[in-house]
Amino acid sequence: WTIEETTHELVKHFEPFCTIGVHCHNDCGMAVANSITACHAGVGLVQGTINGIGERTGNADLCSIIPSLALHVNSTLSCQDKLHELTQVSRYVDEILNRSPNNAAPFVGQSAFAHKGGLHVAAMERNPLSYQHIEPELVGNEMRVLVSELSGRQNIMGKMREVFGSDMDESQKSDRSLAILNRVKQLENMGYSFEGAEASLHLMLLHTTKGYCPPFHVLDYSAQVYDYNMDSASRVVSNLNTDLKETASTARATIKVRTVTEDPDSFQLAYVDNLQVSDGNGPVDALAKALLRALLPSQPFLESVELIDYKVRILDPNSATEALTRVMIEFRDSKTDKQWTTVSVDSNVVSASLNALVDGFEYALIEHAQLCMLCDDAYEE
């Protein structure tokens with residue numbers, strides 16, 4: 001309660017001789033608020049860190065302080081013309097420190113400008129600042145429209161505008177958005193969650209579009225796990241001479257993928273079936289490697305795609321080993337630093353994982369793959 005008064009007295013007393021600064025820690029969750037209050041009282045220097053990184057509960061977060069001063073109180077900052085790079089800086093620092101970004105971080109978080117409720121999104125369509133305190137582009141972020149079973153048709157139509165632009169008739173949008181919304185509700189009742197998996201939703205919209213064909217098809221796959229040491233961890237630990245690398249289980253996956261390539265002589269597109277085998281640290285790792293190996297000859301763009309997170313959740317624990325499993329996989333393009341997440345649900349965790357992998361690689365190829373006709377009869381009336 002006294003920081004503004006105390007700071008004001010210090011500034012008044014020392015201002016002729018030096019610049020007063022403020023250095024706040026976040027033990028009470030007030031570091032940003034106290035720093036901005038001190039600025040209002042006249043300090044000329046604010047100390048903080050990117051993303052609030054620091055000992056205990058952290059320091060004052062410059063990613064909140066800087067845009068608050070620049071955009072809400074119209075302070076004159078020397079870095080004002082670089083403000084649009086703030087989100088990129090935040091994510092770069094997290095990447096260097098191998099930290100998971102805080103999606104809920106003000107200004108720079110992935111969810112900072114995310115909108116979900118149907119009426120909420122409808123209002124956003126008319127006036128973006130009705131639910132946003134700034135334009136996200138000012139700090140290098142972007143608005144996101146989330147879709148879930150709680151969403152209205154307006155959310156779906158907003159997402160369709162993102163994907164298709166204005167190339168669709170309004171009546172078509174309305175009809176298709178209702179069908180997609182019903183499908184989303186059906187899938188979420190099964191256990192899907194599209195709030196954190198916008199890439200899967202993006203693909204769902206594309207797959208409902210006449211003329212869209214995926215750049216590859218998985219024809220079949222198999223995965224095997226083999227192990228020659230069945231000792232539990234407790235018994236392995238008791239034997240200090242055991243090499244854990246030698247006793248680790250191994251998995252092998254086989255996958256057959258159909259792609260389309262262009263004949264260099266005739267310039268005609270032709271189907272190519274590619275069968276690949278790969279070993280891995282578990283069946284999902286082996287499948288990911290085999291799938292990538294099968295796709296790279298025709299889709300070299302995937303070389304820069306990497307998996308950065310893999311999450312599994314049991315949806316109905318009472319079903320024990322027969323329970324439905326939700327898999328979410330996060331991908332990253334190392335060249336563009338773009339990230340996306342896919343989701344799949346199945347009682348077979350390996351199948352759910354492969355479906356999420358397929359969606360992730362397909363999404364990566366949307367901007368790169370040639371148009372092809374792997375699904376000639378998919379849209380016959």
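The values are calculated or read from the model by the stated rules, or taken from the named source; none is laboratory data. Since the model is a prediction, treat every value here as computed from it, not as a measurement. Don't worry about glycine lacking a Cβ; one is built from the backbone with ideal geometry, like all the others, and counts go over all protein chains shown. Only protein heavy atoms, including side chains, enter the accessible area calculation; ligands, DNA and RNA are left aside. Shrake-Rupley method; radii C 1.70, N 1.55, O 1.52, S 1.80 Å.
Worth a mention:
- Residues within segment 59-98 that are in a loop (DSSP other than H, G, I, E, B) and at pLDDT 95 or above, tallied: 1
- Residue ID - nearest to ALA270 (Cα to Cα), chosen from residues in segment 193-246 that are at pLDDT below 60 and under 35 Å from the mean Cα position of the chain (by Cα): LYS245
- Condition check for LEU71 on (1) under 29 Å from the mean Cα position of the chain (by Cα); (2) of a type outside the set (D, E, K, R); (3) open to solvent by 60 Å² or more (accessible area, probe 1.4 Å): one failure, at (3).
- Of all residues in segment 314-326, none are at pLDDT 80 or above, closer than 25 Å to GLN276 by Cα and open to solvent by less than 70 Å² (accessible area, probe 1.4 Å).
- With respect to (1) outside any helix (DSSP H, G or I); (2) open to solvent by 40 Å² or more (accessible area, probe 1.4 Å), the lone exception for VAL22 is condition (2).
- A count restricted to segment 278-315 and to residues that are farther than 21 Å from ASN348 by Cβ and either among the basic types (Lys, Arg) or without any contact (Cβ under 8 Å) to a residue 12 or more places away in the chain (or both) stands at 4.
- Pairs linking a residue in segment 258-277 that is aromatic (Phe, Trp, Tyr) to a residue that is at pLDDT 90 or above, with Cβ atoms under 9 Å and 6 or more positions apart or on different chains, are TYR271/ARG258.
- Any hit, segment 347-361, residues being on the phi < 0 side of the Ramachandran plot and at pLDDT below 90: yes
- Criterion violated by LEU292 - all others in (1) at pLDDT 90 or above; (2) within 28 Å of the chain's Cα centre (by Cα); (3) closer than 30 Å to ASP227 by Cβ; (4) open to solvent by 60 Å² or more (accessible area, probe 1.4 Å) satisfied: (4)
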